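Chemist: Before we start, here is the structure in question, set down as structure tokens.
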Amino acid sequence: MTRALPPLPKGFTREAVQRATSNFWERRRAALTAFASAEQNRREARRIRLEALRHLDDYLRQAVANLRRRGVQVHFAADAAEAGRTIVEIARGHGAKRIVKSKSMVTEEVHLNRVLADAGLEVVETDLGEYIVQLAGELPSHIVGPAIHKSREEIQALFEAESGRRLTPETDVLAGHARQALREKFLQADIGVSGGNFVVAETGTLVLVTNEGNGRLCTSLPRVHIALVGMEKLVPRLADLGPLLAILARSATGQKLSVYTHLVSGPRRTDELDGPQEMHVVFLDNGRSALLGTEFEEVLACIRCGACLNACPVYRQTGGHAYGSVYSGPIGAVLSPLYWGLDEFGDLAHASSLCAACWEICPVGIHLHDHLLGLRRRLVERRQDPAPERALFGGWARAWSRGWTYRASLALARALQAPFRRPGGLRNLPGPLGAWTAGRTFPPVAERTFHERWDALSAELDRDDQGGGGQGDQAGE
Ligand code: SF4
């Protein structure tokens with residue numbers, strides 16, 4: 001069974017996605033070219049993340065003890081429902097009505113906005129891209145740039161509909177409007193919700209990386225701050241942040257460092273003038289612990305830089321919404337079936353050409369193409385493919401396992417394809433293949449196999465040698 005894919009959002013433009021991903025890709029390339037120790041940094045970042053995962057229970061215990069020592073209230077959520085319940089209970093305990101949120105994929109993962117709205121709370125996204133997709137009623141289409149699929153004119157229309165004001169599509173006008181609208185929301189908010197890029201076990205520090213400063217306002221202006229963090233986001237030591245932050249910013253946006261790197265060390269202390277009175281960290285499992293110790297463990301090392309999306313030829317054509325999951329691109333194609341099951345998301349394992357561009361670009365070297373193959377293997381083992389398809393591929397495998405049946409099947413295919421040959425390829429094929437050839441050509445079976453061409457070439461060379469040798473002999477006479 002596969003999920004029904006949502007329709008592509010109105011105004012989706014492939015050009016906008018390709019332009020944005022090319023920009024990200026080019027900026028990353030330039031930043032890493034200028035970074036002398038890029039490869040060494042990448043190895044170090046991978047080592048740190050894998051070490052954290054190997055000893056996750058120890059580092060989690062250490063982080064919890066240090067967070068509590070700093071006055072942070074720590075919660076655990078086994079799944080999305082428990083995470084939502086926990087955050088709603090905290091909000092109700094404070095009589096909260098309004099919530100501001102900074103950008104966080106893990107809150108998207110648990111559909112926190114919907115849960116909070118169902119509980120009667122007003123929640124406003126404060127990252128510009130997230131604010132745009134919230135107004136449009138869409139999911140983010142990219143981990144780093146949630147609204148890259150939107151044109152400025154579409155954003156203008158969304159802002160005008162929301163505010164009732166006339167605007168123009170210049171970037172500074174649109175950004176200025178959002179800044180003004182959001183500033184009011186910050187001042188009215190009872191609670192600020194954030195995610196967390198990392199949690200340092202050694203010190204109990206929550207690390208947030210943003211470019212707009214909204215994360216800082218969310219975590220320090222309202223009287224309560226709640227951080228929802230994937231339980232895999234731990235790093236052992238404060239010193240580990242150096243290599244991770246350096247490679248994260250360069251891989252994501254081509255910056256040496258993000259504009260704001262925010263180290264949150266607990267709620268306001270008695271001698272401090274500002275900051276939240278109360279701080280909560282909710283560690284989310286939601287399928288993560290089930291991956292520890294498995295062949296897929298390393299996917300938890302992901303630092304959500306989005307670089308694999310920019311490199312992926314499939315993502316660049318389809319954009320993020322086609323994946324039908326909050327996580328898109330190669331990492332989404334691996335994470336979604338692992339977190340939420342092959343029944344619903346198994347088809348994403350096929351949304352890849354297995355070119356391995358995602359692995360090459362990944363700052364922590366996750367072998368995404370191998371994991372996609374691993375998921376495909378699982379699908380085959382579960383025998384979820386339809387019986388006719390299984391019979392077809394079984395027969396094909398048997399036919400091509402022996403020389404004479406391989407040659408006979410090619411001769412047959414050549415004969416059968418003759419009525420469908422057109423300039424450029426095969427068209428109007430019968431049966432299920434017709435769906436393919438209705439819009440494209442299908443490559444024909446070659447007139448001669450490689451072996452046949454090789455034999456012919458060898459025979460030709462032998463003839464030439466014999467002819468050439470004879471002339472030499474004659475010349476020597
Ligand atoms: S898998 Fe690698 S490249 Fe993709 S988002 Fe995660 S860290 Fe970045």
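Chemist: Could you list all residues from segment 324-344 that are closer than 18 Å to L373 by Cβ and at pLDDT 95 or above?
Modeler: The answer is G329, P330, I331, G332, A333, V334, L335, S336, P337, L338.
Chemist: Is it the case that some residue within segment 391-405 is in a helix (DSSP H, G or I), within 16 Å of the ligand (Cβ to nearest atom) and of a type outside the set (S, T, N, Q)?
Modeler: no
Chemist: Within segment 269-289, is there a residue that is within 16 Å of N66 (Cα to Cα), modelled with pLDDT under 95 and outside any helix (DSSP H, G or I)?
Modeler: Checking segment 269-289: at least one residue is within 16 Å of N66 (Cα to Cα), modelled with pLDDT under 95 and outside any helix (DSSP H, G or I).
Chemist: Just checking, does segment 375-382 include any residue being outside any helix (DSSP H, G or I) and away from the ligand (no atom under 16 Å from the Cβ)?
Modeler: Checked segment 375-382: at least one residue is outside any helix (DSSP H, G or I) and away from the ligand (no atom under 16 Å from the Cβ).
Chemist: Do we find a residue being surrounded by fewer than 19 Cβ atoms within 10 Å (Cβ to Cβ), at pLDDT 95 or above, more than 12 Å from the chain's Cα centre (by Cα) and farther than 19 Å from G84 by Cβ anywhere in segment 297-307?
Modeler: For segment 297-307, residues surrounded by fewer than 19 Cβ atoms within 10 Å (Cβ to Cβ), at pLDDT 95 or above, more than 12 Å from the chain's Cα centre (by Cα) and farther than 19 Å from G84 by Cβ: present.
Chemist: May I ask you to say which residue of S220, S258 is of a type in the set (S, T, Y) and within 15 Å of the ligand (Cβ to nearest atom)?
Modeler: S258
Chemist: Check off (1) of a type in the set (V, I, T); (2) within 20 Å of N41 (Cα to Cα); (3) buried (at least 17 other Cβ atoms within 10 Å of the Cβ); (4) in contact with a strand residue (DSSP E or B) (Cβ under 7 Å, 6 or more places away or on another chain) for T261 and give me the number that stays unchecked.
Modeler: (3)
The values are calculated or read from the model by the stated rules, or taken from the named source; none is laboratory data. Predicted, not measured: the structure shown is a model, and the values here were computed from it. Neighbour counts are summed over all protein chains in view; Cβ atoms, including those assigned to glycine, are modelled from backbone coordinates with ideal geometry.
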